[in-house]
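**Student:** My questions will all concern the structure given below.
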Amino acid sequence: MGENIYAEVIVANKCKETDRIYSYLIPEKMKSLIRVGSRILVPFGMGNKQIEGYVVGLKDSIDFKVSKIKSAAKLLDEEPVMSPKLVELAKWMKEKYLSYYIDAIQAIVPSPIRTKSSYNIELYESEDINEKIEKLNSNSIMEIVDFLEQNSGSSKLNDIKEYFSDRKIDYYIKKLLEAKVVRKVQVIGNKIGSKKQKLLYIEDGKDIEIKKTASKQKEIYELVLEYPGISLAKLKETCGDCDSSVKSMLKKGYIRIEEKDEYRSLDSKVYKEERHKLTPEQQKALSDIKYCFSNDRDVVLFGVTGSGKTEIYLELIEEYLLKGKDAIMLVPEISLTPQMVSRFKNRFGENIAVLHSGLSEGEKYDEWRKIKAGIVKVAIGARSAVFAPFKELGIIIIDEEHEHTYKSEIRPKYLTREVAEKRCRLEGANLLMGSATPSIETYYRAKIGELGLAELESRANGSPMPEVEVVDMREELESGNRTIFSNSLTDAILDNLKNKDQMILFLNRRGHSTFVSCRQCGIVMKCPRCSISLTYHMKSEKLICHYCGYERDNPTICPKCNSKNIKYFGVGTQKLEKEFQKKFSVKEVLRMDADTTSRKNSHQEILDKFRRKEVNVLLGTQMISKGLDFPDVTLVGVIAADTSLNLPDFRSAERTFQIIAQVSGRSGRGRKKGRVIVQTYSPEHYSIEYARCHDYKGFYNKEIMLRKELAYPPFSSIANIIISGTVEDEVIKYANEIGILLDEAIKQYKDVEKLGPAAAAISRIKNRFRWQIVVKGKSEDVLRKILRSLAETCDEGRSNVSMSMDLNPQNMV
């Protein structure tokens, strides 16, 4: 490079106008330290406010004329927060998912790493300060000055606003700034800092004389002498209250304190288990996977539930670790993390980091730092763990790759398997995607040879797949059974309780009752901010909206007709729990849903109780439908198989098959024979029929034929555009304007069609009306061009209306 070095920088400002690469001159003192992926502070805008920026390139010249180029202000980290390959990944994501640069970068760099900016108000130190204050002639301003003087002349702006509740506080501070009584100083700091451990040592070469009366100091001295590097916390445990003695010894130079980074520990239990020898079928699958990897092909591991996919994951990761490589293991649910961590720690000890949304900000920061520093070689986590900053990445494994939770619902709206594929290409790593029910798109790619395919057709322990019985609930109703338990399920539950076997009851709907209605006038209690009914939650005796969180007291009198004839309809997991306890006289039942798992480590506590057989009945939502391995579960009951079947989404049949197949797979995984009872009002539907037979391939053949006829993925790509706002007329108007722009844009392309605009299936969420436009086309690249053109042509947001675009969404509702 030449004499000057310029950095190409993405600034942390989410705005369409600033979504570009800026150039900054690198000062002499930073030249030897700056690298691609570094995080820096830069002056930005007319006021030169300091803002966080990420270096995405370095160059020795600029190709534009400017009178004076701004210089970078400060290097924030000793090491870059992103490798050059992760920077390339961020650039790819920006283009692929039509996001801002900074959205893509902040998906990769976790929030605890980022800076936070605040302002202090400081008094000037000048001789004429009192004269300036008197000229302002305001008691309120005098009170602010007094407050600052009491705080050594400086205070955080937010603290001033909090102390003075006066609405005109901004006006008073503005007057103080104009009069040059105070100045406004920007303060930049990290959101989360490293946790430091204070270690004590005897100071070398120092003559130490401790008085006989200073018994506490003598005790401290002897302890530090015997255990050099003892932590201050440990010292206090042994010596009790010793702060003044330690302070005195530091002052005299008898001891010294060194600070060392300490990592926050995660509470993860490990259950000992023997290493399993691979079956011949597993050995063959492993060989097939390795063969594909040797030919630079990503692989789908299609294996029935209980076939031992996790054991293959462990074998592969072990081989990569022996080669000095790192590994990422992705799971779709936080609830699956404790079980996976336990199995991995059995094999790899403490060589593991955990990354998911259930961790505190400090814990996330420390787990990220352990990966970055090379202290651990394996990361286990949910979607965001795909960005774990390993230097020698060898393999990424996605378990239950079909799960919709692998799709981000905020910008960048990335699909994890696509990001994993791209990252593996950039890093020269391998990708394995495992599932008993692969997504239609993924299995199609395997069938046409784009991906390698390895199969496990039988359970690892030789046990048979559970027998699945489908119960037609229409017939139950005709026979007079109006309960939520069919006669078959009731008999099976009684048998299980008698034999003290474990059971799982699955219902993908939380709360007590689906909706509350007045039987006199028929009004349904709805959320005032969303176009959906409120769900009754018995524990809090509240009606709650599951979309925006709105809640209200449960009415005893109809708000419309004043009738007392209020009735609860439908069933959620709370009601299922109550009805089960009442019908079968069972006191203890474990319930696992969003309401019972809001506390930290609650997933693990519930599953540990079930694993120890303290409680033999587990009921819940999708959290219990996949990945869990309990050998003593002999019965699974699917309370309502139709929940996902009737959604206005082309994937509804696929989701229904996957849920039934996955939850059925929790039964009969040990020595005892398993049984599954599926309750439905649509027993003839092909998704339920194929799930009954454990026939994924049969379902796939039927579904792929329908997808081809209707030109749905994988035979096309889909863009979902949501227009939302607080004023319905403005939303409709904007949606129609966008529709006209799209009509013009798609004229030049063949095989592209537009559906809508029309009201979305859920037409209002959080007081925002929602309209929807769907665009279908054979080419994803063509749709991306159309969407990019649309984003450039019209504003993404107006005062009351905004537009959101999602290319190949996983949820059409």
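**Student:** Can you give the direction-averaged projected area of the convex hull of the alpha-carbon atoms in segment 207-339, in nm²? Can you show the working numbers first?
**Tutor:** Details: hull surface 57.3 nm².
The number I arrive at for segment 207-339 is 14.3 nm².
**Student:** Another question, then. When the Cα atoms of segment 579-670 are enclosed in a convex hull and the volume is divided per residue, what value in Å³ results? Each step should come with its number before you reach the end.
**Tutor:** Working: hull volume 10.8 nm³, N = 92.
Convex hull of Cα atoms, per residue: 117 Å³.
**Student:** To continue, here is another question. Give me the net charge of Asn151's neighbourhood, meaning all other residues with Cβ under 11 Å from the Cβ of Asn151; Lys, Arg count +1, Asp, Glu -1.
**Tutor:** Values: positive: Lys156; negative: Glu122, Asp146, Glu149, Asp159.
Cβ neighbours under 11 Å give a net charge of -3.
**Student:** When ligands, DNA and RNA are left out and all protein chains stay put, how many square angstrom of accessible area per residue does the chain have with a 1.4 Å probe?
**Tutor:** So the chain comes to 48 Å² accessible per residue, rounded to a whole number.
**Student:** Viscosity 0.692 mPa s, temperature 37 °C: what is the translational diffusion coefficient of segment 344-455 from Stokes-Einstein with a Kirkwood Rh over Cα pairs, rounded to a whole number of µm²/s? Each step should come with its number before you reach the end.
**Tutor:** Numbers: Rh = 15.2 Å.
Answer from the Stokes-Einstein relation: 216 µm²/s.
**Student:** For a test of the definition: using alpha carbon positions, the gyration tensor, and the 1.5 limit on a/c, classify segment 343-383 as rounded, prolate or oblate. If you can, show how the numbers build up before the last one.
**Tutor:** Numbers: a/c = 2.18, a/b = 1.33, b/c = 1.63.
In terms of gyration-tensor shape, oblate.
**Student:** Here is a follow-up. Nearest 500 deg cm²/dmol is fine: what mean residue ellipticity at 222 nm does the chain get from its DSSP H runs of n ≥ 4 alone, each adding -39,500 (n - 2.57), divided by its residue count? Write out the running numbers ahead of the final one.
**Tutor:** On the way: 24 runs with 270 residues, N = 813.
Helix contribution divided over all residues of the chain: -10000 deg cm²/dmol.
**Student:** Kindly provide the Kirkwood hydrodynamic radius of segment 177-234 in Å, to one decimal, from all pairs of distinct alpha carbon atoms. Intermediate values should be presented prior to the final figure.
**Tutor:** Details: mean 1/r = 0.0632 Å⁻¹.
15.8 Å is the Kirkwood radius here.
**Student:** How big is D for segment 747-787, in µm² s⁻¹ as a whole number, if Stokes-Einstein is applied with the Kirkwood radius of its Cα pairs at 20 °C and 1.002 mPa s?
**Tutor:** On the way: Rh = 11.7 Å.
Translational D for this selection: 184 µm²/s.
**Student:** By how many degrees, 0 to 90 and rounded to 10, does the Cα axis of helix 487-499 deviate from the longest principal axis of the chain?
**Tutor:** Tilt relative to the chain: about 70 degrees.
**Student:** Evaluate E = 1/(1 + (r/R0)^6) for Glu744 and Glu450, where r is the Cβ-Cβ distance and R0 equals 35 Å; express this FRET efficiency to the nearest 0.05.
**Tutor:** After rounding, the FRET efficiency stands at 0.55.
**Student:** Name the residues whose placed amide hydrogens come within less than 5 Å of the amide hydrogen of Ile34, ignoring near sequence neighbours (fewer than 5 apart) on the same chain.
**Tutor:** Close amide H contacts, sequence-distant or interchain: none at all.
**Student:** Under the rule of at least 5 residues apart or a separate chain, name every residue whose amide H is placed under 5 Å from the amide H of Asn190.
**Tutor:** Distant-sequence amide H within range of Asn190: Lys116.
**Student:** Here is a follow-up. Take Glu350, project a point 7 Å from its Cα along the Cβ direction, then tell me which residues of segment 372-388 have their backbone nitrogen under 18 Å from it.
**Tutor:** 372-380
**Student:** Another question, then. For segment 350-408, what does the equivalent ellipsoid look like in terms of its semi-axes, each the square root of 5 times an eigenvalue of the Cα gyration tensor, given largest first in whole Å?
**Tutor:** On the way: eigenvalues 75, 44, 15 Å².
They are 19, 15, 9 Å, listed largest first.
**Student:** When the accessible area of the chain is computed with all protein chains present and a 1.4 Å probe, what percentage of it is carbon and sulfur? Write down the numbers at each step before the final one.
**Tutor:** Working: 18290 of 39190 Å².
So the carbon and sulfur contribution to the accessible surface is 47 percent.
**Student:** Could you give the nm distance between label points at Lys74 and Thr238, where each point is 7 Å from its Cα heading toward the beta carbon?
**Tutor:** About 3.9 nm, to one decimal.
**Student:** Can you give the charge dipole size of the chain about its Cα centre, rounded to the nearest 20 debye, using +1 on the beta carbon of Lys and Arg and -1 on the beta carbon of Asp and Glu?
**Tutor:** With only Lys, Arg, Asp and Glu charged at Cβ, the dipole is about 740 debye.
**Student:** Something else about it: What is the mean projected area of the alpha carbon convex hull for segment 1-153, to one decimal in square nanometres? Could the numbers behind the result be given before it?
**Tutor:** Working: hull surface 53.9 nm².
Over all viewing directions, segment 1-153 projects a mean Cα-hull area of 13.5 nm².
**Student:** Another question about this same structure. For segment 77-168, restrict the atom set to alpha-carbon positions and state the Rg and Dmax in Å.
**Tutor:** 22.4, 61
**Student:** Regarding segment 1-44, what's the average projected area of the Cα-atom convex hull, expressed in nm²? Before the final figure, lay out the partial values.
**Tutor:** On the way: hull surface 13.9 nm².
Mean shadow area of the hull around the Cα atoms is 3.5 nm².
**Student:** Place +1 on the Cβ of every Lys and Arg and -1 on the Cβ of every Asp and Glu in segment 66-193, take the dipole about the Cα centre, and give the residue among Tyr172, Ser83, Ile188 whose Cα lies farthest towards its positive end.
**Tutor:** Checked the options; the winner is Ser83.
**Student:** Now, a different point. Put +1 on the Cβ of each Lys and Arg and -1 on the Cβ of each Asp and Glu in segment 344-462; which of Gly449, Ile395, Gly434 then has its Cα farthest toward the positive end of the dipole?
**Tutor:** Of the listed residues, the answer is Ile395.
**Student:** Also: Sort Arg482, Arg529 by heavy-atom solvent-accessible area, probe 1.4 angstrom, most to least.
**Tutor:** Arg482, Arg529
**Student:** Could you list, in their original order, any pairs among Lys65/Lys747; Lys196/Lys407; Lys14/Lys309; Lys195/Lys218; Lys407/Lys754; Lys578/Lys609 whose Cα atoms are separated by more than 31 Å? Write out the running numbers ahead of the final one.
**Tutor:** Details: Lys65/Lys747 40 Å; Lys196/Lys407 36 Å; Lys14/Lys309 41 Å; Lys195/Lys218 29 Å; Lys407/Lys754 24 Å; Lys578/Lys609 19 Å.
Result: Lys65/Lys747; Lys196/Lys407; Lys14/Lys309 exceed 31 Å.
**Student:** Still on this structure, please answer the following. Pull up all non-local amide H partners of Asn808: gap of 5 or more, or a different chain, and H-to-H distance under 5 Å with H placed in the peptide plane.
**Tutor:** Counting only residues 5 or more places away or on other chains, the set is Ile718, Ala719, Asn720.
**Student:** Between helix 215-226 and the chain, what is the angle of the helix's C-alpha long axis to the longest principal axis, kept within 0 to 90° and rounded to the nearest 10?
**Tutor:** 60 degrees
**Student:** Which ³J(HN,Hα) values, rounded to whole Hz and listed in residue order, are derived for segment 95-111 from phi using the Karplus coefficients 6.51, -1.76 and 1.60 in 6.51 cos²θ - 1.76 cosθ + 1.60 with θ = phi - 60°, glycine and proline given as x?
**Tutor:** Along segment 95-111, the couplings run 6, 5, 10, 6, 10, 6, 3, 5, 4, 5, 5, 6, 6, 8, 8, x, 4 Hz.
**Student:** Determine ³J(HN,Hα), in whole Hz, for all residues of segment 765-775 in sequence, where each value follows from phi through the Karplus function 6.51 cos²θ - 1.76 cosθ + 1.60 and θ = phi - 60°; x replaces Gly and Pro.
**Tutor:** Result, rounded to whole Hz: 9, 6, 6, 10, 6, 10, 10, 9, 10, 10, 10.
**Student:** Could I have the simple spin-label model distance between Lys218 and Asn48, label points 7 Å from Cα toward Cβ, reported in nm to one decimal?
**Tutor:** In this crude spin-label approximation the distance works out to 6.2 nm.
**Student:** Gap in Å between the Cα centre of segment 725-756 and the Cα centre of segment 80-128?
**Tutor:** Cα centroid to Cα centroid, the span is 34 Å.
**Student:** Using protein chains only and a probe of 1.4 angstrom, how many square angstrom of Leu710 are accessible, to the nearest 10?
**Tutor:** Accessible surface of Leu710 is approximately 100 Å².
**Student:** Which FRET efficiency value, to the nearest 0.05, is calculated for Lys583 and Glu262 with the Förster distance at 60 angstrom and r the Cβ-Cβ distance? Intermediate results must be reported in sequence, preceding the final value.
**Tutor:** Values: r = 52 Å, r/R0 = 0.87.
Efficiency for this residue pair is about 0.70.
**Student:** Say each of Leu250 and Val774 gets a label point 7 Å from the Cα, pointing the same way as Cα to Cβ; how far apart are those two points in nm?
**Tutor:** Going by the 7 Å Cα→Cβ label model, 6.6 nm.
**Student:** For the chain, restrict the atom set to alpha-carbon positions and state the Rg and Dmax in Å.
**Tutor:** Gyration radius and largest Cα-Cα distance of the chain: 31.1, 96 Å.
**Student:** Further, regarding this structure: Rounded to the nearest 5, what % of the DSSP beta bridges within the chain are antiparallel ones?
**Tutor:** Values: 79 of 129 bridges.
The antiparallel fraction comes to roughly 60 percent.
**Student:** Residue by residue through segment 710-718, what is 3J(HN,Hα) from phi via Karplus (6.51 cos²θ - 1.76 cosθ + 1.60, θ = phi - 60°)? Round to whole Hz and write x for glycine and proline.
**Tutor:** Values, residue by residue: 9, 6, 9, x, x, 8, 7, 10, 10 Hz.
**Student:** Rounded to a whole number, what is D in µm²/s for segment 314-396 from Stokes-Einstein with the Kirkwood radius over alpha-carbon pairs (10 °C, 1.306 mPa s)? The partial results should precede the final answer.
**Tutor:** On the way: Rh = 12.5 Å.
In µm²/s, the coefficient rounds to 127.
**Student:** Could you work out how much longer the chain between Tyr124 and Lys16 gets when fully extended? Use 0.36 nm per residue separation minus the Cα distance between them, nm to one decimal.
**Tutor:** Stretched out fully, the Tyr124 to Lys16 stretch lengthens by 35.1 nm.
**Student:** Here is a further query. Once the whole set of protein chains is in place, how much accessible area is left on Glu162, using a 1.4 Å probe, in Å² to the nearest 10?
**Tutor:** In the full protein context, Glu162 sits at about 150 Å².
The values are calculated or read from the model by the stated rules, or taken from the named source; none is laboratory data. Just so we're clear, the structure is a prediction, and the values are computed from it rather than from any experiment. All Cβ positions, even for glycine, are placed from backbone atoms using ideal geometry, and neighbour counts span all protein chains on display. The area values use the complete protein model at the heavy-atom level, side chains included, leaving out ligands, DNA and RNA. Shrake-Rupley method; radii C 1.70, N 1.55, O 1.52, S 1.80 Å.
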